[in-house]
Each structure stands twice: as structure tokens, then as C-alpha cells.
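Participant: If you scroll down you'll find the structure; I have some questions about it.
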Amino acid sequence: MTQSTRTASALRASPALLFLVALVAAAVAAPALAPFAADAVDLANRRAAPSGTHWFGTDELGRDVLTRVLTGARVSLAIGLLSAIASAGVGTLVGSVAGMSRGWLDDLLMRVTDAMLAIPRLPLLMLAAAVVQPGIPALIVLVALTGWMETARVVRADVLSLSSREFIQAAHAMGATPTRVLVRHLLPAVVPTLSVATTLAIGRAILLESTMSFFGVGVQPPTASWGNMLYQAQSTMSSEPWLAVFPGLFIFATVLACNVVGDSLGHVPRRQTA
Amino acid sequence: MRLVTRRLLQSIPLLLLVSVVVFSLLQAVPGGPLAAYLENPNVRPEDIARLRAAMGLDAPAGVQYVRWLSAFVRGDWGYSYADGRPVLDRVLERIPATLELVLGSTLLALLIAVPAGIAAATRARVDGMLRVFTTAGVSLPVFWLGLVLQLVFAITLGWLPSSGRQSFGDTGLADRLTHLVLPTLVLAVVQGAAWTRYLRRSMRDTLDLPYVRAARLRGLSERRLVWRHALPNALGPFVTVVLLDAAMLASGAVVTESVFAWPGVGSLFTEALVKRDYPVLMAFLMLGAFAVVTLNLAADLLAQRLDPRSRDHAATGA
């Protein structure tokens, strides 16, 4: 890759990164930033169209949509970030154990990975959520438990290809324990792959949460999340389209930003492995 | 041929493992499959005990699993809790609608992705513009795109019907086609964007290979280079991805069918979810996994046909 395209991809990514940072900051500061109290009901101003006072309008209880989008960001972003990190952890563990052990353990872990990949993720999650009726922490665990497989595969592939490299063989020859080889030599080399996979996983987790909440099996009202705001908006779309448009735009923009950042990380040239 | 047999044999334990996962998930339901009755105050405890014995739910989990599995492979998928009809019938009657939607959107997505992917790989100016669209396309929440398209084309402009597969009474082809437009478009936009990105990358990788550079140095025209030398080799991995994603459309179909009230297997799933209709949910997941495993197999075999190198590997057992 040439210097100019590398700079170009970094330039493309920086507004996206800036957007994500600003969004996280806004979500953290939501109680101070939001123009109204989080669940303040204003029955005199129900279903108000966007205006100077209510930038994004109000919903069927007169709650300010901008305020709810900001408080919903806390939930949606937390689920996205934490579940992506958790699935990266599980995926790295499974992938590196499989890649290092080879043999029957490798076979077993990879068959379980294949089986999990074969079950359609969204329906599985929806069913699990309908069964468990999770709160937000359990929702994070569920999303993470159904999302580690791709990370496990790429980490395993990396570990396998790195294991034949001289610096790893040298570490083994000098008497390093398998754990030390893994922690000191293999995992640091896997970080570039992992960071791309995790960034993309954040976006995917946000999409999943919003879809589940949209179907009523994710985050439960009155807690706002971008997805369940859309669930409530669907029935009144023709009369109050703003209820559907704004939360959706935030999901879209956030996932887009994650994908742009993930793509640009993927463009960072990796050390030659051959 | 040996490869086919080996891969077929490998997919059996895989499906068994899937069935264990799905079965244990339903065992984890508080109250088990009878949860719906437990919440109903009109069902007496002795009725529940009787139902439990009648349905074999008092047996150990392992026994229940074996019974369920042997019935399942014989085509006895149990009865829907919602209307008491055989699950197999309920699923089968919904399959044509889903196939119509999935095939339609796959076709449309390919019509977008193949020319767009080739153009993006070969023309820098087109690439920059297309990249904006494809990155946006893969980031769109499917259900939200559906809602927005409904809002614009059905509610505001009134050009297209907002939901369903056909109007009451009128079953003309034109009527069916207008109903198909929006849901197909939703799936095709997201899928087409992803496939464009993939084909672009696959073409770029191929165009970088030494044999293509050698051909260019020999003075071959750029057109011949792209269509004759690079494209056939780039299409191999692309076809694999298309087949794998076609199976994953099961997830996309759940969302799209529900938003557009499309009477396919996907909306059967969401209906069953609301009613906690576990036999139907279980059948859906097994069917989804079966589709993924089958198309995976098909993709492997096709890749092997398209790429002579992997044939050699298979022959030597490497």
C-alpha cells in the first residue's frame, strides 16, 4: 500500500473517530447535556413535531426525543462496546487455545465454533432473549456469547501461521512455557487482527441490540435504547415520522462510524508473515 | 468424490451439535415447553401434570432429546402451540414466500454487486464514490431502512403497497410484483453493498498477482486483462461468499418479513416468538442451520470445481 492511500484512509477515518468520541462523551454527559429530564412526561406537549424547544420532537407521552436519544445512547453504546470486548475475549481464548493445542482439543473447539456459526445469529438471540428476558447486563452476555466465533477463527489462523515462525520456535527452544509463548509472543502479534474484528463487532452488536429491542425482546421500556424507541414508533409512523427517523439515524451513523474506523484499521499494512 | 463423502459425513455431527444447542436452550425455559400454560390461571396444576406426562416431559432430558431427535428426522416436528397444526405443515406453507423474497433480492443484489464491484476495482474515480455507498449500505439497520422506505414510497408518495404479499382478491402478477419491490429492495441494498465490497477486494487482489502483471507487460489491453484474466479467478471466492450469505439471509428475512408483513418463514418465526410457540421456533432454527450447512457444502464443492488448484490438494489429501 502506498503512503498516499494510507494517509487517505486515515483522513477518512478521523471524522468517524471524532464522531464516536463525541457520541461517547455526549452519552456519558447525557444527564447534564440533555435539555429535559430523562423521563419527564409532558402531557400538554404530546406528539409535538420537531421545533426550537424540542429539536427532535416529542413522543406519545410528551417525552423529549432528543433527551431520549441521548440517554438511549448510554444503553446502546454500552451494549455495543462491552459485548464486543467480551466476545473478543472469548474469541481470543478459544482461538489461541485451539491454535496452540492442535489435536483433539483444536478439533472439538472448531466443531463447536462451526455449530455456533451455523445457527442464524439474530433468530437465536431473539429466542434466547425471549427465554431469559434479560436485563442489560444479561443482554450484553447474550450478544457476546453469539459473536465470538469469527474472532476465534481469525485468531486461530494467526496463531497457526505464527507458530511456524522462527521467533516463536526460538522462544519454545529457549524453554518458554506455552503460556509465556502465548502471552508474550503470540497475543501481541494478533492485536492488529483483533482490533479490526473488535471494531467491526461493536457496530454489529449495536445493530443486533437495536433489532432485538425493535422486536420487543431486547432492552425493555421505560429504559430508552435506540432500538426500543423505534419499536414504539413503528405504529405511529405515518403521523409522527420523527419518532422513527432520529433514533434510526443515530444507529446508522454510529454503525457507519465503527465500520469506517474498522476499515481504516484493516488498511494498516501488517507485518509480512511469509 | 471422496471429498463430497467426507464433507457430508462431517456435516452430520455438526447438525447434531446444533440440535443439542437448540434443544438445551428450550430446556432452559423456566417452566419448560409448558410455560405458556403455567401463566394461564385457567389451567389447573393437575392438568399441567397430565400434559407433562402425556407429552413425555417427565422423562430425563437425555431421553427427551433422543425422542425429539428421532421424531424430527422422521419429519414429525410436533404440533404448534398456537393453532395445534403440525409444525411441518406450518413451515412448508410459508417457504414459497420466503424463497420468492430471498431469490428476488439475491438476484437484484448480484445485478448491483457484479458491475459495481468490477468498476470499483478498476476505476479509481468510481471506487471513491462507490465506497461511500457501500460503507453506508453495510451499516444500515435493516428494519429501519424498511421503515423509511415504507414512509417514503408507501405512506408519503403512495407509489407502492406498504406491506403484504398481495392485495385482497386481486392476484394479478403486477399486484404481486409491486408488493415484492420494497422488501426485495431492503434486502438487496444491504446484501448488494456487502458483495460489492467483497468483489472489489477479490478483483484487486487478483489484479495484483504476478500473472496479471505479466500479462499487462506483454501488452494486453486493460479490457482483456480484466474480463479474461482477472475476473474468472476473482469470481471463485466471490461465489463462495454469495452462497454462504444466501443462507444468512435467514436472519435478514426475519426482520424484513416482519416489517413488511410478508407471509414467509421469517414472519412465522416472529409470530411464534410472541406466542412462545417453541416447536415452531425450534424447527425454524434447525431449518436455518440446515440451510447454512447445506450451502456451506455447496460452496466448498463449487469452489473446488472453479479452482483447479484445490482439486489437486484434495486428490493428494493435503
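The values are calculated or read from the model by the stated rules, or taken from the named source; none is laboratory data. Please read these numbers as outputs of a predicted model, since none were measured by experiment. All Cβ positions, even for glycine, are placed from backbone atoms using ideal geometry, and neighbour counts span all protein chains on display.
Participant: Hey, among the residues in segment A:122-152 that are away from chain B (no Cβ under 11 Å) and in a loop (DSSP other than H, G, I, E, B), which one's surrounded by the fewest Cβ atoms within 10 Å (Cβ to Cβ)?
Facilitator: Step by step, filter segment A:122-152, then rank; the result is A:Gly135.
Participant: Any residue in segment B:221-243 that's farther than 15 Å from B:Leu295 by Cβ: show its pairings with residues that are among the charged types (D, E, K, R) and not in a helix (DSSP H, G or I) at Cβ separation under 6 Å, as long as the two are six or more apart or on different chains.
Facilitator: Short answer, once both residue conditions are applied: B:Gly236/B:Asp307.
Per-residue answers, yes or no, for (1) at pLDDT below 85; (2) assigned to a loop (DSSP other than H, G, I, E, B):
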{"residue": "B:Gly164", "(1), (2)": "yes, yes"}
{"residue": "B:Leu177", "(1), (2)": "yes, no"}
{"residue": "B:Val181", "(1), (2)": "yes, no"}
{"residue": "B:Leu187", "(1), (2)": "no, no"}
{"residue": "B:Leu199", "(1), (2)": "no, no"}
{"residue": "B:Ser202", "(1), (2)": "no, no"}
{"residue": "B:Ala214", "(1), (2)": "no, no"}
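Participant: Now for a different question. Between residues in segment B:38-67 that are over 28 Å from B:Leu16 (Cα atoms) and residues that are part of a helix (DSSP H, G or I) and at pLDDT 75 or above, which pairs lie under 8 Å by C-beta distance while being six or more apart or on different chains?
Facilitator: Going by the 8 Å Cβ cut-off, the qualifying pairs are B:Leu38/B:Ile48.
Participant: Now, a different point. For segment A:65-76, state whether one or more residues are of a type in the set (Ser, Thr, Tyr), in contact (Cβ under 8 Å) with a residue 60 or more places away in the chain and in contact with a Ser or Thr (Cβ under 7 Å, 6 or more places away or on another chain).
Facilitator: yes
Participant: Of all residues in segment B:224-248, how many are of a type in the set (Gly, Ala, Ser), under 14 Å from the mean Cα position of the chain (by Cα) and more than 10 Å from chain A (Cβ to nearest Cβ)?
Facilitator: 1
Participant: Further question on the same structure: Do you know which residues across segment A:221-231 are surrounded by fewer than 20 Cβ atoms within 10 Å (Cβ to Cβ) and touching a residue at least 24 places away in the same chain (Cβ under 8 Å)?
Facilitator: A:Pro222, A:Thr223
Participant: Moving on. As an exercise: evaluate A:Gly216 against (1) within 14 Å of chain B (Cβ to nearest Cβ); (2) out of contact with any Phe, Trp or Tyr (no Cβ under 8 Å at 6 or more places or on another chain) and give the number of the one condition it does not meet.
Facilitator: Here A:Gly216 meets the rest and fails (2).
Participant: A further question on this structure: Within the bounds of segment A:64-85, is there any residue that is outside any loop (DSSP other than H, G, I, E, B), touching a helix residue (DSSP H, G or I) at 6+ places or on another chain (Cβ under 9 Å) and under 24 Å from B:Pro13 (Cβ atoms)?
Facilitator: Among the residues of segment A:64-85, not one is outside any loop (DSSP other than H, G, I, E, B), touching a helix residue (DSSP H, G or I) at 6+ places or on another chain (Cβ under 9 Å) and under 24 Å from B:Pro13 (Cβ atoms), which makes the answer no.
Participant: Further question: With (1) surrounded by fewer than 23 Cβ atoms within 10 Å (Cβ to Cβ); (2) more than 14 Å from chain B (Cβ to nearest Cβ); (3) more than 15 Å from the chain's Cα centre (by Cα) as the list, and A:Leu117 as the residue in question, which single condition is left unmet?
Facilitator: (2)
Participant: How many of the residues in segment B:249-305 are in a loop (DSSP other than H, G, I, E, B) and within 11 Å of chain A (Cβ to nearest Cβ)?
Facilitator: The number of residues fulfilling the criteria is 3.
Participant: Mind checking which pairs have a first residue in segment A:252-263 that is more than 7 Å from chain B (Cβ to nearest Cβ) and among the charged types (D, E, K, R) and a second that is crowded, with 21+ Cβ neighbours inside 10 Å and part of a helix (DSSP H, G or I), Cβ under 8 Å, 6 or more apart or different chains?
Facilitator: none
Participant: Now a separate question. May I ask you to list the residues in segment B:217-231 that are assigned to a helix (DSSP H, G or I) and surrounded by 14 or more Cβ atoms within 10 Å (Cβ to Cβ)?
Facilitator: B:Leu225, B:Val226, B:His229, B:Ala230, B:Leu231
Participant: Right, here's the next one. Select from segment B:122-155 the residues that are away from chain A (no Cβ under 14 Å) and part of a helix (DSSP H, G or I) and write down the one among them that is surrounded by the fewest Cβ atoms within 10 Å (Cβ to Cβ). Can you show your working first?
Facilitator: In the first step, residues of segment B:122-155 are kept if they are away from chain A (no Cβ under 14 Å); the result is B:122-123, B:126.
From what is left, the residues that are part of a helix (DSSP H, G or I) are B:122, B:126.
On the way: B:Thr122: 18, B:Val126: 14.
Among them, the one singled out is B:Val126.
Participant: Report, by residue number, each residue of segment A:236-249 that is at the interface with chain B (Cβ under 10 Å from one of its Cβ atoms) and either touching a helix residue (DSSP H, G or I) at 6+ places or on another chain (Cβ under 8 Å) or aromatic (Phe, Trp, Tyr) (or both).
Facilitator: Residues satisfying the conditions are A:Met237, A:Ser238, A:Pro241, A:Ala244, A:Val245, A:Pro247, A:Gly248.
Participant: Taking A:Leu230 as the residue in question, decide whether it is in a helix (DSSP H, G or I), touching a helix residue (DSSP H, G or I) at 6+ places or on another chain (Cβ under 6 Å) and facing chain B (nearest Cβ under 8 Å).
Facilitator: yes
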